[in-house]
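Remarks on the structure that follows.
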Amino acid sequence: MKTNISFILFTYNEEKRLPYVIKNFIKYGDIYILDGGSTDKTQEVAESLGAKFFTRPKSEKIHGETEQNLNFVKSIINTDWIYWGYVDNIAPKKLLEIVARISSESTYKLINVPLYTHLWGNTENYIQKSYGSFFFHKDYIDFTNNYTHGFGKFLGKDSEKLTLESNDGLAIKHFSTYSIHKFILNHLRYAEDEAFEKYEKGERFSLIKTIVAMIRYIFIYYREGHKYGTLGILIVLNYAFFRLMTYTKLYELENNINLDTIENNYSKNKEVILKDF
């Protein structure tokens, strides 16, 4: 059953996870892979399963939700609606049937969908239950000046947004693959990118903001994370540390602290000490 939806998937070396999500969506519309320079068999796997492979426009931004990417997507698709997603998400059939029907009508232009996240390989419980605007009409989202973890600006009316009920049968399942090594590497990139955005907007470091941000993330992830037991507590603390990294980087930017300035300051002190030799 083809629909009025084009499925956009962002990839980078995703040969292992890609088959699942292609099989998930292929009956409901064309799948477009926007690749970030994979060196594995991502393209071969994508095309063998019926997806269309493209190298996405180069960008300094970590996130894919940029106006440049959206304009590129609009130039290659032939539907009114877009699913904007990643290969670690799997959608239930009931949800796809609902959005397929809505995309053929004219009432709504954006659908907020429940998003249930698994972490660290635990599939018995969800670490977080949230929402994502994964399905939208191509002319009703503006990603201009979008920021890390943001999803642009909706250009329609509030009455044109639909938020689905949060339940397991309608929720996209997010299989987030992290070990501590990958978590630190990826979230350090997110933290630094977000800190640069805050600094460029004129936001300055505040110890109170830092603590509040850490507590907020503890609250967000503990609501479901306590079901993980010890692993849940570790995940909660790591996400609090992610907020700490962001604001520490903002402090460094504000005070011109980097490896070069640190070494320069150390060198001056070393020269003072060496005067006695």
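Could you size up the charge dipole of the range 25-102 around its Cα centre, putting +1 on the beta carbon of Lys and Arg and -1 on that of Asp and Glu, and report it in debye to the nearest 20? Each step should come with its number before you reach the end.
Values: 10 positive and 11 negative charges, 47 e Å.
Roughly 220 debye, rounded to the nearest 20.
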Problem set entry | Principal axis dimensions, the range 48-198 - Cα atoms, whole angstrom, descending | 45, 39, 37
Seminar exercise, completed: Within the range 29-67, DSSP-loop GluC sites (Glu not before Pro) with at most 12 other C-beta atoms within 10 Å are Glu60
Problem set entry | Taking His118, His149 and counting other C-beta atoms within 10 Å, the order from fewest to most | His149, His118
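Could you tell me how many cubic angstrom of Cα convex hull volume the range 225-277 has per residue?
Convex hull volume per residue, Cα atoms: 98 Å³.
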Problem set entry | P(r) weight above 21 Å for the range 178-261, C-alpha pairs, percent | 34
For this session: Please state the charge dipole magnitude for the range 5-175, taken about the Cα centre, from unit charges on C-beta atoms (+1 on K and R, -1 on D and E), reported in debye and rounded to the nearest 20.
Result: 140
Problem set entry | C-alpha center-to-center spacing [the range 116-135, the range 146-164] in angstrom | 20
For this session: Mind telling me which of Tyr32, Tyr83, Tyr20 comes out most flexible in a GNM of the chain, alpha-carbon contacts under 10 Å?
Result: Tyr20
Problem set entry | Fewest-first sequence of Thr42, Thr230, Thr261 by Cβ atoms within 10 Å of each Cβ | Thr230, Thr261, Thr42
Seminar exercise, completed: Taking the convex hull of the alpha-carbon atoms of the range 214-255 and averaging its shadow over every direction gives an area in square nanometres of 2.7
Problem set entry | Antiparallel %, DSSP beta bridges [both residues in the chain], to 5 | 40
Exercise. Could you give the semi-axes, largest first, of the ellipsoid that matches the chain, computed as the square roots of 5 times the alpha carbon gyration tensor eigenvalues and rounded to whole Å?
Worked result: 38, 22, 20
Problem set entry | Of the trypsin sites (Lys or Arg not before Pro) in the range 62-168, those whose Cβ has at most 13 other Cβ within 10 Å and which sit in DSSP loop | Lys157
Exercise. So which of Lys16/Lys58; Lys16/Lys93; Lys58/Lys94; Lys52/Lys201; Lys129/Lys209; Lys2/Lys182 end up more than 32 Å apart, counting from Cα to Cα?
Worked result: Lys58/Lys94; Lys52/Lys201; Lys2/Lys182
Problem set entry | Hits among aspartates and glutamates - C-alpha to C-alpha of Lys270 under 18 Å, sequence gap 8 or more where chains match | Asp260
Seminar exercise, completed: Per the helix-only model, the chain has a calculated mean residue ellipticity at 222 nm (DSSP H runs of ≥4, -39500 (n - 2.57) each, divided over all residues, rounded to the nearest 500) of -14000 deg cm²/dmol
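Every read-out reported here was derived from the displayed coordinates using simple, explicitly stated rules and does not represent laboratory data. Quick caveat, the model's predicted, so the values are computed rather than measured. Cβ atoms come from the backbone with ideal geometry, glycine included; neighbour counts cover every protein chain shown.
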